[in-house]
């Protein structure tokens, strides 16, 4: 036998009260699940930002003081042998962004020029370093680092003095001389 509510339902074609409650419960579950997924993804994005550090790299010619744009990067971290050229992105203005893991303590860079495997010589050591020169990441992130320029004349060095902001590494380099290229 039909109740009054069922008889009205059958005549009007509307949904039952029980069906409406089920739909509301399913909608609440769906919204709750979507909200939970969104919160997890937002937390993952925030957590991922904490897992890396970004260093801005500016490169200058050690002899002239003019800005340079390297054509390639070789990055090593914490005295490991693995190279990470994919951690560097060159910007339109000639600077580069180096993204390293947050727990990185030291970084070494070799910069290529002329779209070749030739690498610049670091000018930040008195004898112009060909090997690895390690830069402290905590120091770069807290104060910024400007390397010494032992390649240029003191007059040129004074003319192109620059300062770094926190998170910035400023390098002075030069191309290899003919004699240095012949030795290779």
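Of note:
- Size of the range 58-107 as Cα extents on the principal axes (Å, biggest first): 34, 23, 17
- Relative to the current alpha-carbon distance between residue 132 and residue 105, full extension at 0.36 nm per residue lengthens the span by 8.2 nm.
- Once the chain from residue 116 to residue 45 is taken as fully extended at 0.36 nm per residue, the excess over their C-alpha distance is 21.9 nm.
- With R₀ set to 41 Å, the beta-carbon distance separating residue 142 from residue 183 gives a calculated FRET efficiency near 0.60.
- Two-site label geometry, residue 54 and residue 71: point separation in nm, points 7 Å out along Cα→Cβ: 2.7
- Inter-label distance, nm, simple model (7 Å from Cα along the C-beta direction), residue 27/residue 63: 7.5
- For the peptides 113-120, 29-36, the ranking by packing is 113-120, 29-36, with the highest mean count of neighbouring Cβ atoms within 10 Å listed first.
- For the range 53-183, a/c is not less than 1.5, where a ≥ b ≥ c are the root eigenvalues of the C-alpha gyration tensor, and a/b does not top b/c. That puts it in the oblate class.
Bear in mind that the values in this text are calculations on the coordinates, not laboratory data. None of the values given here were measured: they were computed from a predicted structure. We place every Cβ from the backbone using ideal geometry, glycine too, and count neighbours over all the protein chains shown.
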